[in-house]
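Read through the structure below, which is laid out as structure tokens, and then see the notes.
The values are calculated or read from the model by the stated rules, or taken from the named source; none is laboratory data. Only a predicted model underlies this, so the values are computations on that prediction, with no experimental measurement involved. No Cβ is skipped: glycine too gets one built from the backbone with ideal geometry, and neighbour counts run over all protein chains shown.
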Amino acid sequence: MKKVAVAVLNWNGRDLLKRFIPDLIKYSPEATIYVIDNASTDDSVTLLKTVFPSVKCIQLSSNLGYAGGYNLGLKQINEEILVLLNSDVAVTPNWLLAFLSRFDEDERVGILQPKIKDLKNPTYFEYAGAAGGYIDQLGYPFCKGRIFNTLEKDEGQYNSNYPIFWASGACLVVRNNLFKHLGGFDEDYFAHQEEIDFCWRAQLQGFLVEYCYQSEVYHLGGATLASANPKKTFLNFRNSLYNLLKNQSLPQALITIFIRMILDGLAGIQFLIKGKINHFKAILQAHFSFYKNFNHINKKRKTIRHTQQVKPSNFSIVYKYFVQKKKKFNQL
């Protein structure tokens, strides 16, 4: 058995599989390649079996989203290292080698992320992860190379390996035993920001999350839920509140959630001003869903082991970006 498993989660992504699987096979000789199919209704599975017979297909009976789909599918995968790869990611030669080297160097390293660039604009970083993820004190995520919708050009400014707060779900590399030890992703998230929660929980137990610049991939982006989709707005706002409640002390969580109520309200007003009524409704629904599930998520918070203190960045990215006009990571 090979040491690495590359697991691609698929839902009705026949055209993406046809486009991206050939290079994935070509450039991943160190890995066994799996496609976890989230009950597709197109002919994705037929394509895999006829055109890419070397790819192992794990078929699920219903669409369980990102979190549930990976949790169930990965139970059938036993390789030591798992690479969770979006179906719309183009890989490059030798992309797996830096991960293997880093895991061998330090057993405390539990999760890694490559440099993620924009397939449509290859000299720029891509939204979903860029050069490694962080969150501010109020739970808003940002990246080296991407703050809100401002993307930086890759000029080698992030060509070093360093600790990050979260690794992108577009290409998340994790030790299999750690994934299973943490119970995988939280399926209450369905999709979006479950990787932030997962990385936060890993750090609370003393594992390191790092960016690995020697590995480079290109992400198409928006293939599952486009950024203009109100469902994505709902999931991002609600799930970031879940992150705050689950992974902090209750007093700290309550303070940050109160401030978030105000800022999220302002974000909703911005959507209204722009005529994006469905996004305004999505933010309201996100908060209602969070309050409805507060006790359920709080019970999970009580079960998370804390062997390490892990804190988000001690500033507001909203203030830095919108008030101080600091658009790049090195300006923060």
Counted residues, the stretch 151-198 - those being β-branched (V, I, T), under 24 Å from K231 (Cβ atoms) and out of contact with any Phe, Trp or Tyr (no Cβ under 7 Å at 6 or more places or on another chain): 0
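Per-residue answers, yes or no, for (1) out of contact with any His (no Cβ under 8 Å at 6 or more places or on another chain); (2) farther than 23 Å from L332 by Cβ; (3) in the same structural domain as K281 (by TED's automatic domain parsing):
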residue	(1), (2), (3)
Y189	yes, yes, no
V209	yes, no, no
Q214	yes, yes, no
F234	yes, yes, yes
V4, sole failed condition from (1) crowded, with 20+ Cβ neighbours inside 10 Å; (2) closer than 19 Å to E195 by Cα: (2)
Check on V45, under 20 Å from A170 (Cβ atoms), among the hydrophobic types (A, V, I, L, M, F, W, C) and without any contact (Cβ under 8 Å) to a residue 40 or more places away in the chain: no
The stretch 311-326: number of residues that are within 24 Å of W200 (Cβ to Cβ) and in a loop (DSSP other than H, G, I, E, B): 6
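How many residues does the stretch 7-41 hold that are of a type in the set (S, T, N, Q), outside any strand (DSSP E or B) and buried (at least 16 other Cβ atoms within 10 Å of the Cβ)?
Of the residues in the stretch 7-41, 4 are of a type in the set (S, T, N, Q), outside any strand (DSSP E or B) and buried (at least 16 other Cβ atoms within 10 Å of the Cβ).
Tell me whether the stretch 238-256 contains one or more residues that are among the aliphatic types (A, V, I, L, M), surrounded by 18 or more Cβ atoms within 10 Å (Cβ to Cβ) and touching a Gly at 6+ places or on another chain (Cβ under 8 Å).
yes
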R238 vs. criteria outside any loop (DSSP other than H, G, I, E, B), within 24 Å of C143 (Cβ to Cβ), within 24 Å of the chain's Cα centre (by Cα) and basic (K, R): yes
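Every residue in the stretch 48-69 that is within 15 Å of G184 (Cβ to Cβ), touching a strand residue (DSSP E or B) at 6+ places or on another chain (Cβ under 6 Å) and part of a helix (DSSP H, G or I), please.
G69
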Looking only at the stretch 106-164, and only at residues there that are hydroxyl-bearing (S, T, Y) and more than 13 Å from the chain's Cα centre (by Cα), the one that is farthest from R201 (Cα to Cα): T123
